[in-house]
1. For region 27-43, give me the residue count where each residue is free of Cβ contacts under 8 Å to residues at least 12 places away in the same chain and open to solvent by less than 50 Å² (accessible area, probe 1.4 Å).
2. Would it be correct to say that residue 77 is open to solvent by 80 Å² or more (accessible area, probe 1.4 Å) and either at pLDDT 85 or above or within 13 Å of the chain's Cα centre (by Cα) (or both)?
3. Before we move on, is residue 67 touching a helix residue (DSSP H, G or I) at 6+ places or on another chain (Cβ under 6 Å), open to solvent by less than 90 Å² (accessible area, probe 1.4 Å), modelled with pLDDT of 80 or more and outside any loop (DSSP other than H, G, I, E, B)?
4. Output the qualifying pairs, or none if there are none: Cβ atoms under 9 angstrom, residues six or more apart or on different chains, first residue in region 46-70 and among the aromatic types (Phe, Trp, Tyr), second residue loosely packed, with under 13 Cβ neighbours inside 10 Å and outside any helix (DSSP H, G or I).
Amino acid sequence: HTEHEKPRITVSSNKIKGHFDFYRKHKNIMNNEQRKSKLFELYRYKNRRINLYKAIDLGKNKSKLDLLKFIIRSRLK
């Protein structure tokens with residue numbers, strides 16, 4: 001739905017905070033893979049540098065292309 005002029009979370013400065021708040025609130029009911037997937041997203045959204053082993057561990061359920069893009073972008077700051 002994009003037919004209104006209201007701000008979207010995908011372009012909001014609160015995007016990272018919203019994802020982090022969601023993670024903190026629900027991490028106790030997430031399984032290990034869900035927690036890793038959300039942490040992967042948080043690293044990616046914050047554009048934080050991450051070592052290769054951690055990126056592979058957190059992103060093992062992501063597409064190989066998403067994982068590769070994330071690793072390269074985190075090194076091109």
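1. Of all residues in region 27-43, those free of Cβ contacts under 8 Å to residues at least 12 places away in the same chain come to 27-32, 34.
After this cut, where a residue has to be open to solvent by less than 50 Å² (accessible area, probe 1.4 Å) as well, the list is 30.
Qualifying residue count, region 27-43: 1.
2. Values: open to solvent by 80 Å² or more (accessible area, probe 1.4 Å): yes; either at pLDDT 85 or above or within 13 Å of the chain's Cα centre (by Cα) (or both): no.
When the stated conditions are applied, residue 77 does not pass them.
3. Numbers: touching a helix residue (DSSP H, G or I) at 6+ places or on another chain (Cβ under 6 Å): no; open to solvent by less than 90 Å² (accessible area, probe 1.4 Å): yes; modelled with pLDDT of 80 or more: yes; outside any loop (DSSP other than H, G, I, E, B): yes.
It is false that residue 67 is touching a helix residue (DSSP H, G or I) at 6+ places or on another chain (Cβ under 6 Å), open to solvent by less than 90 Å² (accessible area, probe 1.4 Å), modelled with pLDDT of 80 or more and outside any loop (DSSP other than H, G, I, E, B).
4. none
The values are calculated or read from the model by the stated rules, or taken from the named source; none is laboratory data. Quick caveat: nothing in here was measured; it's all calculated off a predicted structure. Every residue, glycine as well, gets a Cβ built from its backbone with ideal geometry; the counts of neighbours run over all protein chains shown. For accessibility, only protein heavy atoms count, side chains too; no ligands or nucleic acids. Shrake-Rupley method; radii C 1.70, N 1.55, O 1.52, S 1.80 Å.
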